[in-house]
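K.L.:
Got a structure for you, questions after.
The values are calculated or read from the model by the stated rules, or taken from the named source; none is laboratory data. Remember, predicted model here, so these are calculated numbers, not experimental data. Here the Cβ is made from the backbone with ideal geometry for all residues, glycine too, and neighbour counts use every protein chain on show.
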There are 2 protein chains.
Amino acid sequence: MGSSSSERVEGQNMYKEWMSFQEQELTELIHSLNLNKTTATTSDNDAEINALLDKATQSFQDYIERRNRLARRDTSAFFSPRWCSSFESSMLWIAGCRPSSFFNLFYALCGSDIDSRLSQFLQDGKSDEFPQLSPSQLVAIDNLQRRTIVEEEKLTSQFASLQQDKADVPLALIARKLEGPQYELNEDVRETIAEIEKAMVCLMEEADNLRLETFKEMVKILKPVQALEFIIAAKKLRVCVRSWGEERDREHGQEDKE
Amino acid sequence: MGSSSSERVEGQNMYKEWMSFQEQELTELIHSLNLNKTTATTSDNDAEINALLDKATQSFQDYIERRNRLARRDTSAFFSPRWCSSFESSMLWIAGCRPSSFFNLFYALCGSDIDSRLSQFLQDGKSDEFPQLSPSQLVAIDNLQRRTIVEEEKLTSQFASLQQDKADVPLALIARKLEGPQYELNEDVRETIAEIEKAMVCLMEEADNLRLETFKEMVKILKPVQALEFIIAAKKLRVCVRSWGEERDREHGQEDKE
């Protein structure tokens, strides 16, 4: 039904806080990676990195819990968030990133690392110290990817059914009975939209859960420094895409969201 | 790159015009349906209905051609349009409705019609004159639905690959090399985003084509008055969802888009 307070402003502020927290976290993680590169790898380094990874996982979990609470009051806003740039929004899958994209990103990093190691080696005969994936890690990542894709496809098709059967059909049947030109939001419509949004929130929670669990399992499979490289790349992608998207919105004549 | 004129305002105006045209068209179509119900079905009526259906199809075709031209300059705006309410946007599939949803809607209409015919019959012993689907029509609709679902799933998975391989991976590799805290939209990023948006426009054109062709084929299979009932329900759904979505946005504290 919506309260008199502005849930949209609340959602926007929450996202802004989260993104500036991401930037701080990124600085901290990059600092730790650089420190690790300049010192010999020790168990102390690993412990410090693990603590940072735990903190990052916990902050992600806190954020999704907080946004799920708000999404129960204002669901659609999270599926098509106005506080994101158009480019960011157009890349969403069920109110966030695709869990399977973690793997594409990870393999690309491995590949790009092989390339940069090779060129560094050809240049100065030295190679980077980024730890290679072991065969057992490769198998574990591959298994996790397969399971994640299955779950992601399940949610994709649940969302399709939701749009068609839970949303379009009942709303069309209500609309059919109404006489225009004004179409008011009557109790029938409110109840139907509440049902649709309840299903959307459930789906968003399942998608968030899949994102979080996939992320946690990847971190578990990887060595601390590999996980650190991965999480830095993932966060840098989000921070950059946000910044680039906002710049493009301004170029296309979109007014600022503040 | 974006021109100095505001493409977002152009997109918003185009959508507003389209929606008010939809309302006018809806009035005209409902008038024709009512006229058909009060007069005996004649070939004159069918000819008039067919002319209206052709006009509606043509206006849909003109609209998608016009928006595709604009989308080539400002693609993301159409995948997450700020000129739509949050509820409308959250129900989008590749910048529009799912072509397969035409069938759910159509079967729901047939079902609801059977219910209302039955209750009318029990009440006064008379039945509505809405023409029944013939067995050959049912087979043709079923075949079309199967083909449409296959095409829709193909586009859904193409969009998933686009988000992961064409967008996330190259952007993450560029982002990785940059030093924050400011991340400028450099030439490398611009070229990559241009590539992504080129692929998005192609996908949107294919999705529009599937929406249009499915609609045309359904109209071909149906008798004029069945097609008229269908198109009225589909348009009423869009017009109502827009109006309800805007009212909900206001309730949730979203400022007006104008």
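K.L.:
Assess whether B:Glu258 counts as being outside any helix (DSSP H, G or I) and either modelled with pLDDT of 95 or more or of a type outside the set (S, T, N, Q) (or both). Step through it out loud before you land on a result.
P.N.:
Working: outside any helix (DSSP H, G or I): yes; either modelled with pLDDT of 95 or more or of a type outside the set (S, T, N, Q) (or both): yes.
For B:Glu258, the condition - outside any helix (DSSP H, G or I) and either modelled with pLDDT of 95 or more or of a type outside the set (S, T, N, Q) (or both) - is met.
K.L.:
Residues in the range A:134-151 that are loosely packed, with under 12 Cβ neighbours inside 10 Å, in a helix (DSSP H, G or I) and over 22 Å from the mean Cα position of the chain (by Cα): how many?
P.N.:
Of the residues in the range A:134-151, 2 are loosely packed, with under 12 Cβ neighbours inside 10 Å, in a helix (DSSP H, G or I) and over 22 Å from the mean Cα position of the chain (by Cα).
K.L.:
If I go through the range B:203-227 residue by residue, how many of them are surrounded by 22 or more Cβ atoms within 10 Å (Cβ to Cβ) and within 14 Å of chain A (Cβ to nearest Cβ)?
P.N.:
Total satisfying the criteria: 4.
K.L.:
Continuing with the same structure: If you take the residues of the range B:57-85 that are farther than 19 Å from B:Ala199 by Cβ and of a type in the set (Asp, Glu), which of them is nearest to the other protein chains (Cβ to nearest Cβ)?
P.N.:
Per the criteria, the residue is B:Glu65.
K.L.:
Still on this structure, I have one more. Checking A:Arg211 against (1) free of Cβ contacts under 8 Å to residues at least 24 places away in the same chain; (2) in contact with a Lys or Arg (Cβ under 9 Å, 6 or more places away or on another chain): exactly one of these is not met. Which one?
P.N.:
So the condition that A:Arg211 fails would be (1).
K.L.:
Which of the residues belonging to the range B:208-236 are part of a helix (DSSP H, G or I), basic (Lys, Arg) and either in contact with a strand residue (DSSP E or B) (Cβ under 9 Å, 6 or more places away or on another chain) or more than 25 Å from B:Leu155 (Cα to Cα) (or both)? If you could, list the steps in order and put the result at the bottom.
P.N.:
The first filter runs over the range B:208-236 and keeps only residues part of a helix (DSSP H, G or I), leaving B:208-221, B:224-236.
Checking which are basic (Lys, Arg) leaves us with B:211, B:216, B:220, B:235-236.
Across the range B:208-236, the qualifying residues are B:Arg211, B:Lys236.
K.L.:
Right, next: Does the range B:56-63 include one or more residues that are modelled with pLDDT under 95 and among the acidic types (Asp, Glu)?
P.N.:
No.
K.L.:
Quick check, is B:Met200 touching a residue at least 12 places away in the same chain (Cβ under 8 Å), crowded, with 18+ Cβ neighbours inside 10 Å, more than 10 Å from chain A (Cβ to nearest Cβ) and within 25 Å of the chain's Cα centre (by Cα)? Give the derivation first.
P.N.:
Values: touching a residue at least 12 places away in the same chain (Cβ under 8 Å): yes; crowded, with 18+ Cβ neighbours inside 10 Å: yes; more than 10 Å from chain A (Cβ to nearest Cβ): no; within 25 Å of the chain's Cα centre (by Cα): yes.
Answer is no for this residue.
K.L.:
Could you say whether any residue in the range A:213-236 is over 30 Å from A:Ser136 (Cα atoms), in contact with a helix residue (DSSP H, G or I) (Cβ under 8 Å, 6 or more places away or on another chain) and not β-branched (Val, Ile, Thr)?
P.N.:
No - not one qualifying residue is present in the range A:213-236.
K.L.:
For the range A:177-191, give me each residue that is surrounded by fewer than 18 Cβ atoms within 10 Å (Cβ to Cβ) and in a helix (DSSP H, G or I).
P.N.:
Answer for the range A:177-191, where residues must be surrounded by fewer than 18 Cβ atoms within 10 Å (Cβ to Cβ) and in a helix (DSSP H, G or I): A:Lys177, A:Glu187, A:Asp188, A:Arg190, A:Glu191.
K.L.:
May I ask you to verify whether A:Val239 is under 18 Å from A:Lys55 (Cβ atoms), assigned to a helix (DSSP H, G or I) and within 12 Å of chain B (Cβ to nearest Cβ)?
P.N.:
On the way: under 18 Å from A:Lys55 (Cβ atoms): yes; assigned to a helix (DSSP H, G or I): yes; within 12 Å of chain B (Cβ to nearest Cβ): yes.
Here the answer is yes, as A:Val239 does meet what is asked.
K.L.:
Which residues, counting only those in the range A:90-107, are free of Cβ contacts under 8 Å to residues at least 24 places away in the same chain and within 8 Å of chain B (Cβ to nearest Cβ)?
P.N.:
Hits for the range A:90-107 are A:Ser90, A:Leu92, A:Ser101, A:Asn104.
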